[in-house]
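Written below as structure tokens is the structure these notes are about.
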């Protein structure tokens, strides 16, 4: 009798302990992390990005325990891959904001795909990387192909019809040219010449004379820059052309927007244009956002760059997905592309193909800087 009574007490104790443990576990909050990954120079190129992240965390509710952490890959390929693999496996990481080079992003994509981990390529990625349709990669810029298409639309809009493409045969630049040529055909524009050059002043003189004979009115520059000498040559080429014909149109991409060179060559840059890689549209909440951002960081309105919206939105949409109850990477991804769940301060958002959805905007050089000029995306 005593033995049975003792067994009953032990059994009751075990049931009580198990019940408490289960209850405690239910009350425990899962901790999440948003990882910022990439070379320090890239991350800090525009400090408004990190400021945007910090403001997103100021706005979060108490529904979820989520923080952010920076991982420096030193710009090294192998280190970048190792960190990406580690973050992809970490169950706490809800998403990754990556400033890594396009080659690294392309190589590490299987890690994020297999782990069902959303990753934002902050400064964009190759079109061919997006076309792999991993389902978890979100390009933070217009793709290279979309940039090319945008510039063909710009030529049509400005009445320029006979174009020469000067490009290097690297992946990004090739994708730009493909996008441009495809759109140019639809816009009834003429691609007069495709060339990898010119590289010297003597070549440029001969080439320019040929262009004028053929009625060329536009030079589209898509050139990968490896050295400072190569970059300076681009601005010397623009100077030479503009000295000959101030109405000759020069177009390209955001690599043309380089402060130190614009100070030196700005007087010959008027009218030079490129597509804004991350468009910011007017939204109902934008004015309030800009005001708060300026107060938080003691800035003037004109100092609030696109990076501020980008950093805020990318962090905030992940936080919002968690607050809405998304727990897995797939649920977070589906929530991001699922419709009207999140109001993007930038006005952008993503399609089901994980590409930016926004109106086309252009930067056109005027005075001493590239100024924003908005154009409807269907023009």
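The values are calculated or read from the model by the stated rules, or taken from the named source; none is laboratory data. All values reported here derive from a predicted model rather than from experimental measurement. Cβ placement follows ideal geometry from the backbone for every residue including glycine, while neighbour counts extend to all protein chains displayed.
Among the candidates 133, 69, 63, the residue that is more than 18 Å from residue 278 (Cβ to Cβ) and at pLDDT 95 or above is uniquely 69.
Checking every residue in the stretch 100-119 against the condition of being under 24 Å from residue 327 (Cβ atoms), in a strand (DSSP E or B), touching a strand residue (DSSP E or B) at 6+ places or on another chain (Cβ under 8 Å) and outside the structural domain of residue 188 (by TED's automatic domain parsing) gives at least one match. Report whether or not residue 60 is within 21 Å of the chain's Cα centre (by Cα), more than 30 Å from residue 218 (Cβ to Cβ) and part of a loop (DSSP other than H, G, I, E, B). In short, no. Among the numbered conditions (1) under 17 Å from residue 49 (Cβ atoms); (2) within 20 Å of the chain's Cα centre (by Cα), the only one that residue 296 does not meet is (2).
Applying the condition of being part of a loop (DSSP other than H, G, I, E, B) and surrounded by 15 or more Cβ atoms within 10 Å (Cβ to Cβ) to the stretch 200-243 and asking which residue is farthest from the chain's Cα centre (by Cα) yields 216. Candidates in the stretch 262-276 are the residues that are within 19 Å of the chain's Cα centre (by Cα) and more than 21 Å from residue 245 (Cβ to Cβ); of these, the one that is surrounded by the fewest Cβ atoms within 10 Å (Cβ to Cβ) is 276.
Looking at the stretch 80-94, is at least one residue modelled with pLDDT under 95, over 20 Å from residue 315 (Cβ atoms), assigned by TED's automatic domain parsing to the domain that holds residue 318 and buried (at least 17 other Cβ atoms within 10 Å of the Cβ)? Within the stretch 80-94 (the criterion being modelled with pLDDT under 95, over 20 Å from residue 315 (Cβ atoms), assigned by TED's automatic domain parsing to the domain that holds residue 318 and buried (at least 17 other Cβ atoms within 10 Å of the Cβ)), the answer is no, since none of the residues qualifies.
Can you pull out the residues in the stretch 334-355 that are without any contact (Cβ under 8 Å) to a residue 60 or more places away in the chain, in a loop (DSSP other than H, G, I, E, B) and touching a helix residue (DSSP H, G or I) at 6+ places or on another chain (Cβ under 8 Å)?
341, 342
Just wondering, is there one or more residues in the stretch 141-153 that are under 26 Å from residue 342 (Cα atoms), at pLDDT 95 or above and not in a loop (DSSP other than H, G, I, E, B)? For the stretch 141-153, residues under 26 Å from residue 342 (Cα atoms), at pLDDT 95 or above and not in a loop (DSSP other than H, G, I, E, B): absent.
Would you confirm whether any residue within the stretch 181-194 is under 24 Å from the mean Cα position of the chain (by Cα), assigned to a helix (DSSP H, G or I) and either crowded, with 18+ Cβ neighbours inside 10 Å or not assigned by TED's automatic domain parsing to the domain that holds residue 271 (or both)? Yes - at least one qualifying residue is present in the stretch 181-194. Filtering the stretch 59-79 down to residues that are free of Cβ contacts under 8 Å to residues at least 60 places away in the same chain and within 25 Å of residue 346 (Cα to Cα), which residue is surrounded by the fewest Cβ atoms within 10 Å (Cβ to Cβ)? Across the stretch 59-79, the extreme among qualifying residues is 62.
So that you can scan it fast, the table gives a plain yes or no per residue for (1) over 24 Å from the mean Cα position of the chain (by Cα); (2) modelled with pLDDT of 95 or more; (3) surrounded by fewer than 18 Cβ atoms within 10 Å (Cβ to Cβ):
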position: 245; (1), (2), (3): yes, yes, yes
position: 249; (1), (2), (3): yes, yes, no
position: 260; (1), (2), (3): no, no, yes
position: 278; (1), (2), (3): no, no, no
position: 303; (1), (2), (3): no, no, yes
position: 313; (1), (2), (3): no, yes, no
position: 316; (1), (2), (3): no, yes, no
position: 330; (1), (2), (3): no, no, yes
position: 334; (1), (2), (3): no, no, yes
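Summed over the stretch 141-159, residues that are touching a helix residue (DSSP H, G or I) at 6+ places or on another chain (Cβ under 8 Å) and either surrounded by fewer than 21 Cβ atoms within 10 Å (Cβ to Cβ) or on the phi > 0 side of the Ramachandran plot (or both) total 0.
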